[in-house]
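Working notes for the structure below.
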Amino acid sequence: MAMSAEPSAPSPLQVLARVNRALEDAGLSETRAQREPLPLFSELLNDWFVCQNLNEQQLEWSVALPLLLHTMTAVELSESIRTVFEETLQLSRAHGTLSVWTHRDLENRFRSLLNDIEQESQRLQLPSGY
């Protein structure tokens, strides 16, 4: 009599092993890796800045913002920041560090960055002399 080959749901330990493997693949398994949502968001944002060819002196948001707006539109930049924000949410959930309060703080930081993008975009479109 042949046994049925139905796949079974992974056990909690198998799921944990998969999460740990994903964290390891993302370089976030080290003990020094940031796991709290806001610092993690900042770290991932800095990594994204580096991928945009910004150097170490340009990683501060107030310096990076106008430089990025010269290479992409405000909509493209906002969407890129949204992608980093969503990745942070996923990783924070996986780490178990996302609470109502940390989610709210992270959301506020994200909205603040979007507001900065909008304001800087408008400022850069002003005619010279204003």
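Things worth noting here:
- Boolean, residue 109 is surrounded by 15 or more Cβ atoms within 10 Å (Cβ to Cβ), under 14 Å from the mean Cα position of the chain (by Cα) and charged (D, E, K, R): yes
Rundown of residues vs (1) surrounded by 13 or more Cβ atoms within 10 Å (Cβ to Cβ); (2) of a type in the set (Phe, Trp, Tyr); (3) out of contact with any helix residue (DSSP H, G or I) (no Cβ under 6 Å at 6 or more places or on another chain); (4) farther than 22 Å from residue 124 by Cα, yes/no style:
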{"position": "37", "(1), (2), (3), (4)": "yes, no, no, yes"}
{"position": "49", "(1), (2), (3), (4)": "yes, yes, no, no"}
{"position": "57", "(1), (2), (3), (4)": "no, no, yes, no"}
{"position": "73", "(1), (2), (3), (4)": "no, no, yes, no"}
{"position": "78", "(1), (2), (3), (4)": "yes, no, no, no"}
{"position": "88", "(1), (2), (3), (4)": "yes, no, no, yes"}
{"position": "95", "(1), (2), (3), (4)": "yes, no, yes, yes"}
{"position": "99", "(1), (2), (3), (4)": "no, no, yes, yes"}
{"position": "103", "(1), (2), (3), (4)": "yes, no, yes, yes"}
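- Taken over segment 118-130, the criterion of being without any contact (Cβ under 8 Å) to a residue 24 or more places away in the chain and either surrounded by 15 or more Cβ atoms within 10 Å (Cβ to Cβ) or aromatic (Phe, Trp, Tyr) (or both) is satisfied by 130 alone.
Yes or no, residue by residue, for (1) without any contact (Cβ under 8 Å) to a residue 24 or more places away in the chain; (2) on the phi < 0 side of the Ramachandran plot; (3) over 14 Å from the mean Cα position of the chain (by Cα):
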residue	(1), (2), (3)
72	yes, yes, yes
81	no, yes, no
91	no, yes, no
101	yes, yes, yes
116	no, yes, yes
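- Residue pairs whose Cβ atoms lie under 7 Å apart, separated by 6 or more positions or on different chains, with the first residue in segment 29-40 and under 14 Å from residue 102 (Cα atoms) and assigned to a loop (DSSP other than H, G, I, E, B) and the second at pLDDT below 60 and among the hydrophobic types (A, V, I, L, M, F, W, C), do not occur.
- Residue within segment 5-20 that is farther than 15 Å from residue 94 by Cα and either at pLDDT 90 or above or aliphatic (A, V, I, L, M) (or both) present: yes
- Scanning segment 28-38 for residues that are within 21 Å of residue 86 (Cβ to Cβ) and at pLDDT below 65 gives 28, 29, 33, 34.
The values are calculated or read from the model by the stated rules, or taken from the named source; none is laboratory data. These numbers were taken from a predicted model, which means no experiment stands behind them. Using ideal geometry, Cβ is built from the backbone for each residue, glycine included, and neighbour counts are taken over all protein chains shown.
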